[in-house]
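Asks: Mind having a look at this structure? Questions to follow.
No lab work stands behind these numbers, since they all come straight from the coordinates. Source: prediction; values computed, not measured. Don't worry about glycine lacking a Cβ; one is built from the backbone with ideal geometry, like all the others, and counts go over all protein chains shown.
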Amino acid sequence: MRTLAFPFPLLRFTLNTVKIALGQINPTVGDFSGNSAKIIDFSRCAQAAGAGLILFPELSVCGYPPRDLVERPWFVARNRETVERIAAEVPGIAIICGLATPAHSQTGKSVMNSAALLREGKIAFLQSKMLLPTYDVFDEMRNFAPAKTQELFAMCGNRMALTICEDAWNDKLFWPKRLYTLDPVEALIQAGGNFVLNISASPFWIGKRKFRRDMLASIARHHKVPVAMVNQVGGNDSLVFDGSSLVLNREGEVIAQGRSFEEDLVYFDSSTLAGEMHEQIAGDEASVYQALVLGTRDYMHKCSFQKAIVGLSGGIDSALTAVIAADAVGPENVVGVGMPGPYSSQGSIDDACALAANLKIRFELLSINPAYEAYREILQPVFRGKKQDVTEENIQSRARGMLLMALSNKFGAIVLSTGNKSELGVGYCTLYGDMVGGLAIISDVPKTLVYRLAHYVNSRRPVIPQASLEKPPSAELRPDQKDSDSLPPYEILDVVLEDYVEDSHSAEQIAADHGFDIEIVRRVLRMVDRAEYKRQQAAPGIKISPKAFGYGRRFPIAAKSEA
């Protein structure tokens, strides 16, 4: 097979095969030995299957996102050392993998987000990322320097345009308003590229898989070139990566795809563009549920937790949290704790017990009444003459938080907090009470979606008691309390929160778009703004929406709200 020559700088070598593999792996940030072992194992499998090239995700050698770890010189050096070892271990197949490299420039950041082509036991080609995202959860300009030049390389009779994640997210025919003036894909195609390779670490959110597929299809159709994208899978901190790797032909049709939410190895023929179609999870509820399970499992295991503790109130939120935890790490590793107080109903206690039995998880029943009364007695001299109010409600919640954290300390288990996005959004939660925990599993799940997920769970196997699905939501911190005493109906609240948090719409626009009472909308927006101090002290959550509370949404705490 002859090499190709054209004006753009080109690495030249040939291959006697056209079979390409996508190595969809689940790396851990900083685990160079574990990540390299995956890359080596997948590469050997691909080589045994007759593949001549295998692609791995963005920064797959060090894990994505490494964030400020790239400021440590030893961390960057380990990237190069690891890649050289991978090349030496698997010399019989060409490998493309992501790594951090020194920038070697007089000014700017000292590190680059790069892709290495490994061939015949050595690094044959390096390409660095040009477009560095600085929106939502991304802050790559903080850590990396952008590449100034790009090159093509020849393989399988094609002139390969190698891009890294965001480099493919700027097609002018897809975006109504582009973030960057430069389009790396377009520049490479104009230079003679006829096959786009993209290594990605693209996180999941509802609708992201279709959005990503449509965007890549636009590139394929626009430039009349095949596009192959390998995406990271797994959870790293708040982010869940869904995998769902894709190959599209020149018409933008999917000809190969990887599974969603699990590691996978996918093959396709770069000449005939025939490939493997692995089944992906369909439907929002099923996809979100699997994202939450994967995010919980990886957060726990990558942080070295084996067991989880969940406070079970008998309500829908704690029930869903417990089901996710049991699916993530096994029911034998989950402990449910019922903590009835002075206003807990017998029905709620029974529902918590029934859920634990259905899930086959360990269940402990610890009354907070003695602690609550002790706190009130201690505070009575200071509170004399004051009416009972939300203070006493919060004491109950904090007594529960203290018990959960005591169990966590004693048994080395992580507490999974059970608050949803609706509550966190408006501050309907108690600092150091129901907000305690190491991971807030459903903190990006609105209450209405909580119910949809619960029904999805029960459609597979009925484990959540029907009463938990049917009774009016209540914190049970005062007689006959209901969430509706303090909040608008969740069907309204969740719409307002989505429009305000995700789309930054004004109160007037939200009210006009949905026919809501403007004063109700303004009240919700004020609650959101006032609760910022709580959210910035909350446990990290698992992101499943385009805009989650957390480090992807950066608002000041000390700010005046005029919503």
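Asks: List the residues, sorted by chain then number, that are 5 or more residues from ARG362 or on another chain and whose placed amide H is less than 5 Å from its amide H.
Replies: VAL334, GLY336
Asks: A further question on this structure: Give LYS360/LYS482; LYS421/LYS543; LYS421/LYS482; LYS19/LYS208; LYS38/LYS210; LYS38/LYS302 a once-over and call out the pairs whose C-alpha atoms are over 21 Å from each other.
Replies: Violating the 21 Å Cα-Cα cut-off are LYS360/LYS482; LYS19/LYS208; LYS38/LYS210.
Asks: Among the DSSP beta bridges whose two residues both lie in the chain, what percent are antiparallel, rounded to the nearest 5?
Replies: Here the share of antiparallel DSSP bridges comes out near 55 percent.
Asks: A follow-up question, please. Quick one: what are the phi-derived ³J(HN,Hα) couplings along segment 92-98, Karplus 6.51/-1.76/1.60 with θ = phi - 60°, whole Hz, x for glycine and proline?
Replies: Listing the rounded values in order: x, 9, 6, 10, 10, 9, x Hz.
Asks: Given Cβ point charges of +1 (Lys, Arg) and -1 (Asp, Glu) and nothing else, what value in debye, to the nearest 20, does the dipole of segment 10-270 about its Cα centre take?
Replies: Numbers: 28 positive and 27 negative charges, 95 e Å.
Charge dipole of segment 10-270: 460 debye, to the nearest 20.
Asks: What is the mean projected area of the alpha carbon convex hull for segment 10-270, to one decimal in square nanometres?
Replies: On the way: hull surface 49.4 nm².
Here the figure is 12.3 nm², rounded to one decimal.
Asks: Cα axis of helix 208-223 to longest principal axis of the chain: angle in degrees, 0 to 90, nearest 10?
Replies: 20 degrees
Asks: Using only Cα atoms, tell me the angle between helix 447-460 and the longest principal axis of the chain; keep it within 0 to 90° and round to the nearest 10.
Replies: Helix 447-460 sits at roughly 80 degrees to that axis.
Asks: Continuing with the same structure: How large is the translational diffusion coefficient of segment 334-425 in µm² per second when you combine the Kirkwood radius over alpha carbon pairs with Stokes-Einstein at 4 °C and 1.567 mPa s?
Replies: Rounded to a whole number, D works out at 87 µm²/s.
Asks: Under 1.5 on a/c is rounded, so check that first for segment 419-497, then, if it is not, pick prolate when a/b is larger than b/c and oblate when it is not; a ≥ b ≥ c are the square roots of the alpha carbon gyration tensor eigenvalues.
Replies: rounded
Asks: Could you give me the ³J(HN,Hα) list for segment 398-413, computed from phi with Karplus coefficients 6.51, -1.76, 1.60 and θ = phi - 60°, whole Hz, x at Gly and Pro?
Replies: 6, 5, 5, x, 5, 5, 4, 6, 5, 5, 4, 5, 5, 10, x, 10
Asks: How much space per residue, in cubic angstrom, does the convex hull of the C-alpha atoms of segment 177-277 take up?
Replies: That works out to 110 Å³ per residue.
Asks: I'd like the Karplus ³J(HN,Hα) series for segment 304-318: coefficients 6.51, -1.76, 1.60, θ = phi - 60°, whole numbers in Hz, and an x wherever there's a Gly or Pro.
Replies: 6, 9, 9, 10, 10, 10, 10, x, 9, 9, x, x, 6, 5, 5
Asks: Now a separate question. Using alpha-carbon pairs under 8 Å, 6+ residues apart, how would you state the relative contact order of segment 10-270 in percent?
Replies: Worked out over segment 10-270, it gives 21 percent.
Asks: Quick one: the Cα spread of segment 233-358 along its three principal axes, in angstroms, biggest first?
Replies: 70, 29, 22
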